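The values are calculated or read from the model by the stated rules, or taken from the named source; none is laboratory data. Nothing here was measured: the structure is a model prediction, and the numbers come from that model. As a convention, Cβ positions derive from the backbone with ideal geometry for all residues, glycine included, and neighbour counts pool all protein chains shown. Keep in mind that these areas ignore ligands, DNA and RNA; they rest on the heavy atoms of the full protein, side chains included. Shrake-Rupley method; radii C 1.70, N 1.55, O 1.52, S 1.80 Å.
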Amino acid sequence: MNLFEQPIHVLHQKRLSGEITTVDIVQSILKRLAEVEAKLHSFITLSEEKFLDRAAEVDSKIQQKQSIHTLEGMPIAVKDIFSTKGIRTTCASRFLENYIPPFESTVTQKLQAAGSLMTGKTNMDEFAMGSSTENSAFGVTRNPWDLDRVPGGSSGGSASAVSSGQSLAALGTDTGGSIRQPASFTGIVGLKPTYGRVSRWGMVAFASSFDQAGPMTRDVEDAALVLQTIAGFDKKDATSLKVDVPDYASFLHQSIKGMKIGIIKELDLSSCDDPVVSIFQDNIAVLSDAGAEIVEISMPNIADAVATYYVIAPCEASSNLGRYDGVRYGRRAQDASGLLDMYERSRDEGFGNEVKMRILIGTFALSAGYYDAYYLKAQKVQNLIRSQYYQAFDQVDAIASPVAPTAAYKIGEMIDDPLKMYLGDAFTIPANLAGLPGISVPGGFTENNLPVGLQLLASHLEEGKLLKIAHCFEKRLNLTKPKMAI
Ligand code: GLN
């Protein structure tokens, strides 16, 4: 197997035993990048400078028997939503096309402190609004399993980069499914932590009460490793939680015998494509064979989640995006006739259609006379969904569902039908409304060699439990991946 196809923890053991070097790993990634990036377009900006020198430094530390971090010298991609000091951060928007942040986000700073190498800033839907990465102002990203298909979104560039072996792991963000759904579409693991588990400082805000950063990796053990590195309280983020971070690796390799896994009886599987349903059913059988007890639970308002999210998220977005006014930073329209004209033109030129639509919806829903009917009502439904999860987690350890109703669809297939695209988020959004952690693990492949993921959700701060179940599932399923299109 090529080095670029292997998980970080495996490569780390191999370099410690002297079988390979960090330089070998980095060379394998650089070669892969050179071969496939032009076809996939996973990145907006590449930053793989001095990688070989830095890898050689790690190797000399290993030779001198110095202890190193598992991520040290490992090439990792970063979604272009994280501020990176001195490196362009566009959020896939024309508005920020030339924006170079003067500061580093907390999570990328933590990855740097661990010694990892940033391959580049990955493509995404503009301001993370979308499910296919087609809303990027920098062009589409392709799915490495079928180049005519989307990699999912909004963290589609990160998903495509990891899945194709252009990076060993990536950072994504998940506001309504943007880590888990692209992970499912590209056959990798994606973990959305509990809201507040990971600092949001330095992340470009979309819907601040949902946004959460998390790992996208080749397997579950790597997800534990990256989460360990980025999790924890940050005084710069008032919503980050001041609680200890457990040793996530200690949850792996534990039996799931006797654990209760819930299936929501109101979940509408009839909206799913046939292969998604049959893979889900097989996956549940795997969990049950591993000793888990499958329990039916009820969440009467689960079907209202999409409508609720698509009121609250645009409301928050319309407020967050008010800062892009052409004055402070980012794009400023030339030849404007006055201040108002400058605001209007800058925003008109800088934002794409989806972003404009959400700003309009959010501004409308928050306006006097409509606030109660939309925003307040949506918050009430959000509370209902949250309390239904609390009740569910009194009965079960985790909840299983498909990640999305379909496998990766064709580029262009959904883009003119936003509602259909939004409905594709039906299984991921509820976790964001309740701030719960969720993971997407590869569950199988369709007849066309398209990956399909299994989603597991757990109660607040129970990422360890999720990793334990997901790891056990991954080992038992022992999925053989078909040959990739690229
Ligand atoms: N697809 C959802 C949206 O468009 C979620 C995006 C996300 O998680 N960033 O809002």
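Consider only pairs whose beta carbons are under 7 Å apart and that are at least six residues apart or on different chains; among these, list those whose first residue lies in region 352-379 and is over 30 Å from residue 94 (Cα atoms) and whose second residue is more than 16 Å from the ligand (Cβ to nearest atom) and not in a loop (DSSP other than H, G, I, E, B).
Filtered contacts from region 352-379: 370/364.
Restricting the search to region 426-442, which residues are open to solvent by 10 Å² or more (accessible area, probe 1.4 Å) and within 11 Å of the ligand (Cβ to nearest atom)?
The answer is 426, and nothing else.
Identify all residues within region 395-425 that are among the hydrophobic types (A, V, I, L, M, F, W, C) and within 13 Å of the ligand (Cβ to nearest atom); write none if there are none.
Just the residues of region 395-425 that are among the hydrophobic types (A, V, I, L, M, F, W, C), to begin with: 396, 398-400, 403-404, 407-408, 411, 414-415, 419, 421, 423.
Selection gives 403, 404, 414, 415, 419, 421, 423.
With respect to residue 352, determine if the residue is within 16 Å of the ligand (Cβ to nearest atom) and touching a Pro at 6+ places or on another chain (Cβ under 6 Å).
Numbers: within 16 Å of the ligand (Cβ to nearest atom): yes; touching a Pro at 6+ places or on another chain (Cβ under 6 Å): no.
Spelling it out, it is not the case that residue 352 is within 16 Å of the ligand (Cβ to nearest atom) and touching a Pro at 6+ places or on another chain (Cβ under 6 Å).
Go through (1) more than 16 Å from the ligand (Cβ to nearest atom); (2) closer than 26 Å to residue 34 by Cα and name the single condition residue 140 misses.
Going through (1) more than 16 Å from the ligand (Cβ to nearest atom); (2) closer than 26 Å to residue 34 by Cα one by one, residue 140 breaks only (1).
Go through region 49-97 and give me each residue that's more than 25 Å from residue 218 (Cβ to Cβ) and in contact (Cβ under 8 Å) with a residue 60 or more places away in the chain.
So the first thing to find is which residues in region 49-97 are more than 25 Å from residue 218 (Cβ to Cβ), and the list is 53, 60, 63-66, 83, 85-86, 88-91, 93-97.
Within region 49-97, 83, 89, 91, 93, 94, 95, 96, 97 meet the criteria.
Six or more apart or on different chains, Cβ under 8 Å: which pairs go from a residue in region 414-428 that's farther than 18 Å from residue 148 by Cβ to one that's more than 10 Å from the ligand (Cβ to nearest atom) and open to solvent by 60 Å² or more (accessible area, probe 1.4 Å)? Could you list them?
From region 414-428, the pairs are 418/357; 423/271; 426/268; 426/271; 426/303.
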